[in-house]
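The next block holds one structure in the form of structure tokens; read it before the comments.
The values are calculated or read from the model by the stated rules, or taken from the named source; none is laboratory data. Every value quoted in this text rests on a predicted model; they were computed, and no experiment measured them. Note: ideal-geometry Cβ built from the backbone for every residue, glycine included; neighbour counts use all protein chains shown. Only protein heavy atoms, including side chains, enter the accessible area calculation; ligands, DNA and RNA are left aside. Shrake-Rupley method; radii C 1.70, N 1.55, O 1.52, S 1.80 Å.
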Number of protein chains: 2
Amino acid sequence: MIKLTQTVKKGGCAAKVPAMVLKEILAGVKFPPKIQGVVIDGDSFDDAAIFKIDDNISIVQTLDFFTPIVDSPYDFGAVAAANALSDVYAMGGRPKTCMAILAAPMATMEYQVIQEVLQGSCDVIAEAKASLVGGHSIDDDTLKFGLSVTGLVSNDKVWSNEGARPGDVLILTKPIGTGTICAGIKKEFYTATEAHEALSSMKRLNNAIDFLSAEDLQHIHGATDVTGFGLAGHSYQVAKASDVSLKFNHKQIPLFDLTVASLKAANLTKAHRSNNDYTQKVLQFKNIEEVETQIYFDPQTSGGLLLSVSPESAEGIVKKLETAFPKTSIVGVVEKRSEFYVYVE
Amino acid sequence: MIKLTQTVKKGGCAAKVPAMVLKEILAGVKFPPKIQGVVIDGDSFDDAAIFKIDDNISIVQTLDFFTPIVDSPYDFGAVAAANALSDVYAMGGRPKTCMAILAAPMATMEYQVIQEVLQGSCDVIAEAKASLVGGHSIDDDTLKFGLSVTGLVSNDKVWSNEGARPGDVLILTKPIGTGTICAGIKKEFYTATEAHEALSSMKRLNNAIDFLSAEDLQHIHGATDVTGFGLAGHSYQVAKASDVSLKFNHKQIPLFDLTVASLKAANLTKAHRSNNDYTQKVLQFKNIEEVETQIYFDPQTSGGLLLSVSPESAEGIVKKLETAFPKTSIVGVVEKRSEFYVYVE
């Protein structure tokens, strides 16, 4: 049976171009003017773009694709879809249409493998109550798959990176550790059975919105999904956009059962280093063991939502989300902006 | 100076997965249900998807990316953008938001090359009065670039593949031949200067809509853009969806000055063969020289629009389009469905 991770050098979000490199490249490009209707674009490093259709409704748009992060073709398609759909949920939207991005070695890869990748993604798209409306496929040396996703959101219900307020409580809906565990899978250090917890978490849709009431949603001021730049990188982006500092309670960060052992076994990716570089001037650790600091740099694929919610509603929201996301936890608080953007203690 | 076409095996739309292969693969996949609002999806092989936002307006969505088809990074970005934006125009829409799809060998490619690719695309996006709102970039062995594009269209002004009516006249807005000429560039058979006509045509936006009046637009019943499956493949898709036959007047097909010479020099791609295979049972040639039949199988990158218009308005429309698309021609007629979907004589 084909083991997809053995066909590529880097898997999943770890293959993402590092944030600092991207920033340097983009600094040399003159972008088209922002047309009327564009509310959020790439400038704020938000999860997805927002384009106003009229006074009531906006489209939420995002695009994500990557090389295989897991060995099973079906799982790879499912993870890629959940990961791409996630950015729409992270803006408070509901996904509607998806287009597939497929690159595959057509001459050597069995069609069945490609079909399984597509089936995995289609099943997750169906779960999200969205449709697959098109896509593009090219012949390439290595497999890559992902989706361009468009959702709808009411103009007054957008969760942006800018919404975190001092006093808010931070909730994380999925455990951290997919980066190190997938590095372990790639090294054949873990079997799919051993890594089951991380695999099913990556396939899990971030549809927190489907488990909350309209009132709960009003208490959510901002959100992001934790992906390639790790908890440190994405927290930094939220803190900067909201002009606040985030303080994490290290003991409360939900982890997979394998996470710490895998980090101790030095199952690391290049992204652990680049995420550290990206945030080292803006993040302060207090009394955290060296190996455990990697938790914050671990590049997540299809990671959880980091929600910034009013303190009085936090426990109720956690309780509701636990039914679908069992390791949902209150992981910290939002404070007034101080010396560092992110604190871990 | 870097010559991008020398960094890849197949360039542009010639790297597209052949239609027949794609069909076989997709036949083995169970797609998510079509949700409310989806008017056109991948089923009809149309240029882009249509999703109704409300009773008045729909979004038009398409996604396209490929390997370098030309040597200059700036030109590659511009061609990729014009090519992706084209599908929105082919549905009668106006592009609004774009997201970039970038794969690049980060360790070996100079950032300046990537910046030029992005700049070329940004300049064309600006010309289309759209915005770049996001994207995704990964580290990969070879350069790939493209866009996911969303446009808006009034529900009653969609140009679908289904709209061609017997009695309509067919108008083609750009010359045919980018497939063979780009194959010649890749073999270093032509310099960029020699291939200038094809290069500027590929960079040219398909914004015919901007040159026509509201009345002209009412006379356009259907449209497609001619890309990777060639004039034969895309004509077949239109004929099948509209349940008509298309009859081309071979002498009227606009060509680049180099097209026939390049075909005679056997500058061919794999797609010439697969497009021939794709259409051989549905297309009839009458008295066409063997080498010239390749015109119909030539995979276009950023090819022109094939418009199906009422006969009384055809000449006026051609006259207006000629200011922007000098080789615009009346190339044939739409007839009642008969034995073949496409006739060339």
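Observations on the structure shown:
- Value of relative contact order over chain B, rounded to a whole percent, pairs C-alpha under 8 Å and six or more apart: 24
- Accessible area of A:Asp75 in the full protein assembly, 1.4 Å probe (Å², nearest 10): 30
- Its residues counted as N, region B:33-94 yields a C-alpha radius of gyration over 2.2 N^0.38 Å of 1.36.
- Exposure rank, largest accessible area first [B:Glu339, B:Glu110, A:Glu127; 1.4 Å]: B:Glu339, B:Glu110, A:Glu127
- Neighbour net charge for A:Ile53 - beta-carbon separation under 15 angstrom, K R +1, D E -1: +2
- Stokes-Einstein diffusion for region B:1-117, with the hydrodynamic radius set to the Kirkwood value over Cα pairs and evaluated at 4 °C in a medium of 1.567 mPa s, equals 78 µm²/s.
- Quarter of Cα convex hull surface for region A:169-344, i.e. mean projection, nm²: 9.5
- Selection among A:Ile181, A:His219, A:Ile171 by position relative to the dipole of region A:167-227 gives A:Ile181 as farthest towards the positive end (Cβ unit charges, Cα centre).
- Teacher prompt: B:Arg337 distances to equivalent labels in other copies, 7 Å Cα→Cβ, nm: 6.4
- Pairwise centroid distance, computed over Cα atoms, of region B:250-276 with region A:64-125, Å: 36
- Region B:289-345 shape via C-alpha gyration tensor axes, a/c threshold 1.5: oblate
- Taking every residue in B:65-75 and counting other chain Cβ atoms within 10 Å of its Cβ, the average works out to 1.
- Given charges at beta-carbon only (K, R positive; D, E negative), |dipole| of the protein assembly as shown in Debye: 560
- Over 21 Å between alpha carbons, listed pairs B:Lys251/B:Lys319; A:Lys30/B:Lys174; A:Lys144/B:Lys23: A:Lys30/B:Lys174
- Of the residues A:Pro33, A:Gln300, A:Phe285, the one whose Cα sits farthest toward the positive end of the charge dipole of chain A, with +1 on the Cβ of Lys and Arg and -1 on the Cβ of Asp and Glu, is A:Phe285.
- Three semi-axes of the equivalent ellipsoid, chain A, Cα gyration tensor, whole Å, largest first: 28, 25, 20
- Here the peptides A:190-198, B:112-120 are ranked by packing, the mean other Cβ count within 10 Å, and the order with the highest first is B:112-120, A:190-198.
- With both residues required to sit in region B:169-344, DSSP beta bridges show an antiparallel share near 70%.
- Kyte-Doolittle mean at least -0.5 and Cα axial length at least 27 Å: DSSP H helices in chain B: none
- Loop-located GluC sites (Glu not before Pro) across region B:241-328 with a Cβ neighbour count of 13 or fewer within 10 Å are B:Glu289, with loop assigned by DSSP.
- Debye log10 I(q)/I(0) for the protein assembly as shown, one point scatterer per Cα, at q = 0.05, 0.10, 0.11 Å⁻¹: -0.23, -0.89, -1.06
- With a cut-off of 13 Å between beta carbons, the residues surrounding A:Pro326 carry a summed charge of +2, where Lys and Arg count +1 and Asp and Glu -1.
- Descending by average beta-carbon neighbour count within 10 Å, the peptides B:47-55, B:211-219 line up as B:47-55, B:211-219, the highest first.
- In whole angstrom, region B:194-245 maps to an equivalent ellipsoid with semi-axes of 23, 20, 6, each derived as √(5λ) from the alpha carbon gyration tensor and ordered largest first.
- If only the Cβ of Lys and Arg carry +1 and only the Cβ of Asp and Glu carry -1, the dipole of chain A around its Cα centre is close to 480 debye.
- Calculated P(r) of region A:101-144 - Cα pairs past 14 Å, %: 53
- Charge context of A:Gly230, other residues only, Cβ under 14 angstrom, K/R +1, D/E -1: 0
- Size of region A:159-217 from its Cα atoms: along the principal axes, largest to smallest, the extents are 45, 24, 16 Å.
- Peptide A:145-157 shows a mean partner chain C-beta count of 2 within 10 Å per residue C-beta.
- The trypsin sites (Lys or Arg not before Pro) of region B:264-298 that DSSP puts in a loop, and whose beta carbon has at most 14 other beta carbons within 10 Å, are B:Lys281, B:Lys286.
- In this structure, the residue pairs whose Cα-Cα separation is over 21 Å, taken from A:Lys286/A:Lys336; A:Lys129/B:Lys34; A:Lys129/B:Lys96; A:Lys186/A:Lys281, are A:Lys129/B:Lys96; A:Lys186/A:Lys281.
- In this Cβ point-charge picture (+1 for Lys and Arg, -1 for Asp and Glu), region B:4-155 has a dipole of about 340 debye about its Cα centre.
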